[in-house]
Amino acid sequence: MPRERRAVLDRLAGARRRFQVHALVELDVGEAASRLAVVDPHVSWTGFVIASLARAVAQHPDVNVRRAGGRVLAFDHVDIGSTVERQWAGRAILDIVTVHGADRMAPAEITELLHAVKTGPGVDHRPRGAMRAVLALPGPLRRTAIRIAGTVPGVAAAFGPAVGVTSIGMFSRSWGWAVPLAPLTVIATVGGVADRAVVRDGRVVARPMLPITLSFDHALIDGAPASRFTETLRRTIEDASVLG
């Protein structure tokens, strides 16, 4: 197992301890597709979704939280985590980028940031100090140490955003949902846009539809607030309001 995969295994082990519930939604992105085709500067689908998600999170701060032991840590700013595939040492690897203050950024700015991470030298994730010593421990001890550290609010806040986006649509033209496993309070897993048969004004028509899986930590978010958040995100994406 490559050394750089240890952090991935630790995150998956932490996610396994969460009580995740999933909402599989299908959004009509006809308006968004029309605007994205002509918008200048260029905006990617991932940049558009992150900007829309961030606006929805800003309207529902009760989802922008994380567990820290027996306490709930609430963030007063909207940061969104995202995965980006880039080339490193002759092979493709996944890198993690944090979009700070995403609710205040234009979709084009987010797109540019993601592109810079994808094509640039990448982020230096090499551990330093105490974290380097922790990661040198055997797997069970390492994960126990990380879990205990996560009960301290200040340390838990440093673990990164509570909300994230992962896009499988960038790798395939096929349509469908995916159910993720990630140690986040809310994660949006974005599929690929495809024409689907839907009913509009009593007629069956083909519309470009975007499948998204919204996963919530049920220990922190109940069904009602999750539903309200989902509806806000649906309206934001289908209206393409972040594109002006």
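Annotations for the structure displayed:
- Residue within the stretch 70-91 that is within 17 Å of Thr185 (Cα to Cα), of a type in the set (Lys, Arg) and at pLDDT 75 or above present: yes
- Selection within the stretch 103-137 - at pLDDT 75 or above, exposed (fewer than 14 other Cβ atoms within 10 Å of the Cβ) and either more than 15 Å from Val84 (Cβ to Cβ) or of a type in the set (Lys, Arg) (or both): Arg104
- Filter result (touching a strand residue (DSSP E or B) at 6+ places or on another chain (Cβ under 6 Å), buried (at least 19 other Cβ atoms within 10 Å of the Cβ) and of a type in the set (Val, Ile, Thr)) within the stretch 66-96: Ile80, Val84
- Filtering the stretch 199-214 to residues that are surrounded by 14 or more Cβ atoms within 10 Å (Cβ to Cβ) and more than 17 Å from Ser52 (Cβ to Cβ) leaves only Arg207.
- Some residue of the stretch 19-31 being over 19 Å from Asp217 (Cα atoms) and free of Cβ contacts under 8 Å to residues at least 12 places away in the same chain: no
- Residue match in the stretch 155-170 (condition: closer than 13 Å to Ala23 by Cα, modelled with pLDDT of 95 or more and under 21 Å from the mean Cα position of the chain (by Cα)): no
The values are calculated or read from the model by the stated rules, or taken from the named source; none is laboratory data. Quick caveat, the model's predicted, so the values are computed rather than measured. Positions of Cβ are backbone-derived with ideal geometry, glycine not excepted, and every protein chain shown enters the neighbour counts.
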